[in-house]
Structure formats: C-alpha cells, structure tokens
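The values are calculated or read from the model by the stated rules, or taken from the named source; none is laboratory data. This structure is a prediction, so every number in the text was calculated from the model and none was measured. Here the Cβ is made from the backbone with ideal geometry for all residues, glycine too, and neighbour counts use every protein chain on show. Surface areas here come from the heavy atoms of the whole protein model, side chains and all, with no ligands, DNA or RNA. Shrake-Rupley method; radii C 1.70, N 1.55, O 1.52, S 1.80 Å.
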Amino acid sequence: MATLIKGGLLITAERSFPADILVEGGKISQIGQNLQSANADQVDATGKLILPGGVDPHVHLDLPMFGTVSSDDHYTGTKAAAYGGTTTVIDFVSFDFPSLGESVEKWQAKAEKAAVDYSAHMNLTRFDDKIAAEIPSLRDTGITTLKVFTAYNNRLRIDDGNIFKTLRIARNNGILVMLHAENGDVIEMLTTEALAAGHTTPEWHAKTRPAWGAVESALRAFALAAMAETSLYLVHMNTAGEVDMLKYAREHGVKVMGETCPQYLFFSEDDLRRPDGAKWVCSPPVRTSVDNAQLWKGAMDGTIQTIATDHCPFFYDGTKPILYEGKPVAIPGKELGTQDFTRIPNGVPGVEDRLPVIWTTGVGSGKLTPSQFVALTSTNPAKIFGLYPRKGALLPGSDADIVIFDPRKKVTYGIVHCHQRTDYNLYEGWDLTGYPEKVFLRGQLIVDGDMWLGKRGGGEFLKRNQGGIL
Ligand code: URP
Ligand code: ZN
Ligand code: ZN
C-alpha cells in the first residue's frame, strides 16, 4: 500500500522545506514537489509539519524494582510513545541472568509485544573476566551500547577500574558506553544518616543524592573515557555542573556526548516538597531552577545532543485501579514509600509527553528552532545509537516513520489526554500549542487523532549498527 502525503512543511535536523512524500513498501520512496501516484492513498497535510518519528533512546518498560514494576510494559509504553509522536524507543536489558546473552534473550521475550520499533542497551552491572570476554558478542545481537553506573552500591555499580576496562573493550569493538553519574558512596552514607535522623519525606531523596556527586562522577568518567581513548554518553543530565563538565571535556577533544530529559528542564526540589512530591521522585533527582536553565542552555547551544525521557512510570497511588483499555489495572507504586523516601519507586512517566511538551516550551518559546527540536528528539539519537538513516530521517530509503504535526493545535494537557499507564501526569493542566495529528510507523498509520490503529507486537526489534559521535 502506497501513501502520498501532500502539502506539508518538512522539518529535518538541517532545514525546513515544503515537499510531498511518497511512501511505498514501508519506506520513503520519494520526496519532491507535486508528486503524483495513481494508486496511493492521499493525505492532505496542508498547514501541517512533517517530522521524522521521535526516537527516545532511554525508556524503562516492565522494569522490576522496589518490589514492584514500572507500570508501562512494552505494549502500553510504546502505544503511549506513538500517541506522542515517538516511533522508536530504546529500553534497557537488566543483567539478571548468568550471561549477557541469556539476559538479552529473556528481555526479547518480554519486549516483542512492542507497538513501535525498539531496541535495548545492556546494563553492565557486574564485571569479571568471563563477562568481559562476552561483551563483544553483544554486537551480534544488534546491541551496540552498555550502561554503567557509579551509584547504587552493591546493586548496579561497578568500580572505576572495571569501568575503565569496559571502556577499552567498548573502544575495540565498536560499542558505546553510557554512564549513570552519581556518587554511590556519598549517597549510601547520607541516606543512612537521614533515615537515622527520622527524615522520611520525598525531598530527602534529593538531599541524599547531591548534585556535586553527579558533577564529580561525570568528570571522572569523562577522564576515564579520555584515558581509554574512546567515547562516552552521559545519560539523564540533571545539573548545571554536568553541562560545564561536558563542555570542558568536549572542548578538550574528548568524544563525550550528553542527554537530558524534560523532568530536569522544568522541575526542582520545590516539587518534591509538595504534598504529592513522590510523583517527582526519580534518580538522579530533580534539582534547582538554576540547573533547569543551564540544561536548557546546553540543549540550545549544542553542548547536549539529545532530549530523551528516562520514562519509568509508577502509579502515584497503586492501591486504586485505573481503567486501561476498558479494564481495571492497579500496580503498586509511589505509595510504597509513604513512610520512607528510600522505598518510593524511582522514576517518572514521559515517553508520550516529550515531543508536545518540548515543542511548546522549546520551539514555541523561541529557545529551539524546529530543526534543533528534530535533531535533539529524533535525528541525533538515531545517529548516536546506530539507527540512522533508517530512523531519525526524512530521506528516500528511510523507514516511513512520519509524524504529521499540527503546530496550531491547542491542548490543555494532563492525565485525561494521555495513554501512559499510570494515574498521574507531570504536566497536568499545562497549555500546549502544537500536537501530533497522525503517526505512521513504517508507512502504517498507527495513530489518527484520538484513534489507535497500531497493534500489540506491531513493532520490530532493531539490530543496531555502531553509532556515530556527535
Ligand atoms: O528514576 C529513574 N530514572 N529510574 C530509572 C533508572 C535509571 O537510572 O535510569
Ligand atoms: Zn540511570
Ligand atoms: Zn534510566
């Protein structure tokens, strides 16, 4: 089935230009003026923008933690992604089985219900010679990225020497290392002290995970990457100091890149002090308005390459069911930490919110050009994570992952509007201008206004190539 999208304004990471797009066999076959095709379905996009489908390189679907599980699975989370204009997500494989390969296989079995295209990064949360020897084989599975942690002592963290070894193995095998930067030792000590002093409220989540820990461990890892002569990608940047460190390292020729997420651009410890502050508990924590402003600046001036989401939703009150696709669903959530901030499941929803919220606050406010918006949310992640030009591009030969975006549509945003499987939205009541109208995945219309036309299992696993360095 062919589709001809006529009369829209194409937005790419480089420029905006009016053109028609012909889609055949799930791919973009032609881009040009006055295209004709006798047997194609014609879609009138006059007055609309045509964007490449969003690429969200950081989501956690069906992730067991804190005695519960993130409340979007690979179907519900990717359906929500599609409604928000995102057609590719990259999840994480937990290293829960003896080998990396087995962990990937178990993840594959859960992920195949995805409704948009998907891949995963491997969490490297243990390290020994056997594991080191297995890392190169990840490439054969199509996974070309590893995430390491300088926090979560005795759970996810590996030590600096093993991070250095990992960086060297990654360099020799076309693999990119991603870093979660916080200081695990300091967090452990401050948390013990806070609990002993009887501090139980959500703001203590931030107070026990100080910004300086993120700053110093980001610089430490950039230095390790420099010494290992390889690149590194800093996930979920949340502090002004990380932007400074990233700039410093890049200016000194270290091939490091960074990602921030909407929650770090808008929210602060003030939100954690609200009566419903648990809604904002994520790791790393939200910081201050100074950090928000510096992260925006980093995204605007090109220091930061991507805006992802770290989508990891939990219910605010998991004792009360919501209706999802007509059926009641309740999943234990933030209420688990009512008496103790360390028991609040860490994470926030956002995969659906990202494009509309960043369009209004970024492009609508003049902070970002439309091309920067596309670069940060689609093209750059596709390039960095080895998916370009199949994804993140409006080019002949690219997958026809296309968003017809109405730049004038006004929406009062919030939970009633949303498809993320949780009971709250961080942007409740925000007035947005600009919203996805139709979303195509490999040429199939999967979202048409409010209508869901996609399907469980409609997504394809993406074997990724070695990514690029931006
Ligand atoms: O709070 C968050 N972000 N949970 C997900 C885990 C992580 O470190 O990204
Ligand atoms: Zn992390
Ligand atoms: Zn994450």
(Q) What is the sum of charges, Lys and Arg at +1 and Asp and Glu at -1, for the other residues whose Cβ falls under 10 Å from the Cβ of A132? (A) 0
(Q) If you average the alpha carbon positions of the stretch 341-378 and of the stretch 202-279, how far apart do those two centres end up, in angstrom? (A) 16
Q) Quick one: of the DSSP bridges fully inside the chain, what percent are antiparallel, nearest 5? A) 50
**Q.** Subset of K110/K327; K79/K391; K27/K463; K279/K409; K79/K367; K6/K438 violating a 24 Å alpha-carbon distance limit
**A.** K279/K409; K79/K367
Q) Quick one: length gained pulling Y248 to E102 fully straight, 0.36 nm per residue minus the C-alpha distance? A) 48.7 nm
(Q) Counting only helical runs of four or more DSSP H residues, what would the 222 nm mean residue ellipticity of the chain come to if each run contributes -39,500 (n - 2.57) and the total is spread over all its residues? (A) -7500 deg cm²/dmol
Q. Near the amide H of G392, under 5 Å away, which other amide H atoms are found, from residues 5 or more places off or on another chain, if H is placed in the peptide plane?
A. G53
Q: For the stretch 156-302, with all protein chains present and a 1.4 Å probe, just round the carbon and sulfur fraction of the accessible area to a whole percent.
A: 56
**Q.** Global geometry of the stretch 76-201, whether rounded, prolate or oblate, following the gyration tensor of its Cα atoms and the 1.5 cut on a/c
**A.** oblate
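Roughly to the nearest percent, how much of the accessible area of the stretch 3-103 is carbon and sulfur, given a 1.4 Å probe? Could you put the intermediate results ahead of the total?
Details: 1650 of 3340 Å².
Within the stretch 3-103, the accessible surface is 50 percent carbon and sulfur.
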(Q) Could you derive backbone 3J(HN,Hα) for the stretch 8-18 from the dihedral phi with the Karplus parameters 6.51, -1.76 and 1.60 (θ = phi - 60°), listing whole Hz in sequence and x where the residue is Gly or Pro? (A) x, 9, 6, 10, 10, 5, 9, 7, 10, 7, x
**Q.** Karplus-derived HN-Hα couplings along the stretch 282-296 (A = 6.51, B = -1.76, C = 1.60, θ = phi - 60°), whole Hz, x at Gly and Pro
**A.** 8, 10, x, x, 5, 10, 9, 5, 5, 5, 3, 5, 6, 5, 4
Q.
With angles folded into 0 to 90 degrees, how steeply does helix 100-111 sit against the dominant principal axis of the chain? Use alpha carbons for both and round to 10.
A. 50
Q | Degrees, to the nearest 10: 184-196 long Cα axis against longest axis of the chain | A | 70
Q: Calculate, for the stretch 54-381, the solvent-accessible area per residue in square angstrom, rolling a 1.4 angstrom probe over the heavy atoms of the protein chains.
A: 34
Q: Give, rounded to the nearest 20 debye, the magnitude of the charge dipole that the stretch 54-381 has about its Cα centre when Lys and Arg contribute +1 at Cβ and Asp and Glu contribute -1 at Cβ.
A: 280
Q. Put a dot 7 Å past each Cα toward the Cβ at W212 and D44; how far apart are the dots in nm?
A. 6.3
Q.
Taking R0 as 22 Å, what FRET efficiency do you get between S371 and D431 from their Cβ-Cβ distance, rounded to the nearest 0.05?
A. 0.35
